[in-house]
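Q: Input: one structure, supplied below.
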Amino acid sequence: MIYIKSAPIYSCLHKYLSRGWLQPAQLPENASMCLGIPMQIKSINGFTANCEAKGVHREVSLFMLQDEDFRVDDYVVVHVGYAIQKITPGEARTAWELYDQMLAGEPDTGEGHA
């Protein structure tokens with residue numbers, strides 16, 4: 001499951017729904033929303049990681065996921081400075097493709113998706 005959370009993303013999702021580009025019925029029944037951004041771990045020092053997304057670097061606490069095995073280049077979903085979920089590179093890429101579409105204001109036509 002990919003969590004989507006950020007004020008700009010929520011605003012864009014609201015725009016998609018209000019313009020009819022996305023219908024609530026198209027969302028899976030168990031879909032959830034979370035204000036988090038996929039970021040790649042660049043370095044780790046204890047329970048703190050330096051993470052990067054789209055050229056932006058942030059210090060991120062890994063404390064909430066201390067049972068996970070983290071390595072440099074892993075991806076996490078970050079919410080208010082905390083890693084809240086470990087995700088695959090493919091999930092991070094998919095999330096950013098969706099975010100880029102929403103921020104550009106382009107509706108997804110569904111073409112080219114499996």
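Q: Kindly establish whether Gln26 is modelled with pLDDT under 80 and among the polar types (S, T, N, Q).
A: Working: modelled with pLDDT under 80: yes; among the polar types (S, T, N, Q): yes.
Here the answer is yes, as Gln26 does meet what is asked.
Q: Could you tell me which residue of the stretch 85-114 is farthest from Phe47 (Cα to Cα), considering only residues that are touching a strand residue (DSSP E or B) at 6+ places or on another chain (Cβ under 8 Å) and at pLDDT 90 or above?
A: Selected residue: Glu91.
Q: Residue under question is Tyr75, and the condition is that it be at negative phi and modelled with pLDDT under 60; does it hold?
A: no
Q: While we're here: Determine, yes or no, whether Val78 is part of a strand (DSSP E or B) and touching a residue at least 40 places away in the same chain (Cβ under 8 Å). Even if it seems obvious, please write down each step before you answer.
A: Working: part of a strand (DSSP E or B): yes; touching a residue at least 40 places away in the same chain (Cβ under 8 Å): yes.
Against the criterion (part of a strand (DSSP E or B) and touching a residue at least 40 places away in the same chain (Cβ under 8 Å)), Val78 qualifies.
Q: Here's a follow-up. Being in contact with a helix residue (DSSP H, G or I) (Cβ under 9 Å, 6 or more places away or on another chain) and not hydrophobic (A, V, I, L, M, F, W, C) is the filter here; which residues of the stretch 50-87 pass it? Write out each step before concluding.
A: Taking the stretch 50-87 as the starting set, the residues that turn out to be in contact with a helix residue (DSSP H, G or I) (Cβ under 9 Å, 6 or more places away or on another chain) are 53-54, 73-77, 82-87.
Answer for the stretch 50-87, where residues must be in contact with a helix residue (DSSP H, G or I) (Cβ under 9 Å, 6 or more places away or on another chain) and not hydrophobic (A, V, I, L, M, F, W, C): Lys54, Asp73, Asp74, Tyr75, Tyr82, Gln85, Lys86.
The values are calculated or read from the model by the stated rules, or taken from the named source; none is laboratory data. As the structure is a computational prediction, the values presented were derived from the model and not from experiment. Here Cβ is always computed from backbone atoms with ideal geometry, including for glycine, and neighbour counts include all displayed protein chains.
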